[in-house]
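Presented below is the structure to which this report refers.
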Amino acid sequence: MRSIKYIPPEAKSLAEAFNKNILPVGKVVSLFGQTENTTFTSRDVYNHLRTVIKSLLDVGDAEAVVDYFRKRLIENPSFYYAAQVDEVGRAANLFWIDARSRMAYSPFGDAVPSDTTYKTNKYSMPFAPFTGTDYHHQSITFGFALLGDETKETFTWLFKTWLEAMGGTPPIFILTDQDQAMTIAIATVLPRTRHRYCLWHIKKFFGEKLSHVFFKKSNFKPTVKEVTRFTYTVEDFEKQWQSMLVEFKLTENEWLKDLYDIREKWIPVYNRSSFLPG
């Protein structure tokens, strides 16, 4: 719970040392004994690092970006950008979108994936593109952002800014990973939009959470694929899911119970009545 979240000073120092030496920062939590009583998560560690990195943000870099945006706006008044500053006036979050992308949103903005996986920049700031699919099944963009952190407040600002740039018209669908801060922000800013979790992101965790049954030559791998992707009625999915749990002795697995509770957000059969281009 947010009220008891706390990162020990030792964990902060260790995370900064890991980051400096290009080591997997996500391992910090496990080194402190990751149990149900742990007071911080890997996401909290990454947010701490971004706070540290943001404090080192070169003033010249932020000014150069904003100057570039201003020049683009002069060249084309339909260009849109927004910058959110922190408590001391440093640029914390940046959003921009060009005129062509704003025009493309009207015919192609039914379903919009948003992802913050990529952090390959000088300050390790999450890069958040909004994308879509056109008539030729080619990717198109509906905006970009560089974020200072991945908190509920930041995502709320991002989605409000993006919605304003799109004339206040929300998408029918938005697809993201299972980030809880993003989930809360979407429910707040886009209450009429159906929020679905990306199946690919969820499937990545099967090998980690279910390593005793999810391996190269196991029968579980094709079975779970058949159940999650190739069931065409809700009743069929429910029946096959329960049969799968019994067959592989997974009826008491807490992670699968949690996934089942949010099945409408990631199992395709629950969304077959709505158009999802590609």
Within segment 184-205, take every residue that is hydroxyl-bearing (S, T, Y) and touching a Lys or Arg at 6+ places or on another chain (Cβ under 9 Å) and give me the one that is farthest from V112 (Cα to Cα).
T188
Within segment 124-139, is there a residue that is at pLDDT below 90, charged (D, E, K, R) and touching an Asp or Glu at 6+ places or on another chain (Cβ under 7 Å)?
no
Of the conditions (1) among the β-branched types (V, I, T); (2) in a helix (DSSP H, G or I); (3) closer than 17 Å to K265 by Cα, the single one that T223 does not satisfy is (3)
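Restricting to segment 249-262, and then to whatever is assigned to a loop (DSSP other than H, G, I, E, B) and touching a residue at least 12 places away in the same chain (Cβ under 8 Å), can you tell me which residue is least open to solvent (accessible area, probe 1.4 Å)? Don't jump to the end; show me each part of the working.
So the first thing to find is which residues in segment 249-262 are assigned to a loop (DSSP other than H, G, I, E, B), and the list is 249-253, 262.
Now narrow it down to the ones that are touching a residue at least 12 places away in the same chain (Cβ under 8 Å): 250, 253, 262.
Numbers: L250: 5, N253: 33, I262: 50 Å².
Result: L250.
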List the residue pairs whose Cβ atoms are under 9 Å apart, where the first residue sits in segment 187-204 and is among the hydroxyl-bearing types (S, T, Y), the second is surrounded by 16 or more Cβ atoms within 10 Å (Cβ to Cβ) and assigned to a loop (DSSP other than H, G, I, E, B), and the two are 6 or more positions apart or on different chains.
T193/P170; T193/P171; Y197/D177; Y197/Q178; Y197/W266
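Answer with yes or no whether T169 is open to solvent by 20 Å² or more (accessible area, probe 1.4 Å) and closer than 26 Å to Y46 by Cβ. Outline the logic, then answer.
Details: open to solvent by 20 Å² or more (accessible area, probe 1.4 Å): yes; closer than 26 Å to Y46 by Cβ: no.
For T169, the condition - open to solvent by 20 Å² or more (accessible area, probe 1.4 Å) and closer than 26 Å to Y46 by Cβ - is not met.
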Being modelled with pLDDT under 65, loosely packed, with under 14 Cβ neighbours inside 10 Å and aliphatic (A, V, I, L, M), is that true of even one residue in segment 5-20?
no
With the requirement that a residue be in contact with a helix residue (DSSP H, G or I) (Cβ under 7 Å, 6 or more places away or on another chain), of a type in the set (D, E, K, R) and either modelled with pLDDT under 90 or more than 20 Å from R194 (Cα to Cα) (or both), what does segment 153-179 give you?
D177
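Suppose we filter segment 226-248 for residues that are touching a helix residue (DSSP H, G or I) at 6+ places or on another chain (Cβ under 8 Å), open to solvent by less than 70 Å² (accessible area, probe 1.4 Å) and part of a helix (DSSP H, G or I); how many remain?
Going through segment 226-248 one residue at a time, the tally reaches 9.
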Residues (open to solvent by 40 Å² or more (accessible area, probe 1.4 Å) and either within 18 Å of L94 (Cα to Cα) or assigned to a helix (DSSP H, G or I) (or both)) located in segment 172-200
Q180, I184, A187, T188, W200
In segment 233-278, what count of residues is obtained for those that are of a type in the set (K, R) and in contact with a Lys or Arg (Cβ under 9 Å, 6 or more places away or on another chain)?
1
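The values are calculated or read from the model by the stated rules, or taken from the named source; none is laboratory data. What you are looking at is a predicted structure, and each value in this text was computed from that prediction instead of being measured. In this analysis, Cβ positions are derived from the backbone assuming ideal geometry, glycine residues included, and neighbour counts consider all displayed protein chains. Areas reflect the complete protein model, heavy atoms only, side chains present, ligands, DNA and RNA absent. Shrake-Rupley method; radii C 1.70, N 1.55, O 1.52, S 1.80 Å.
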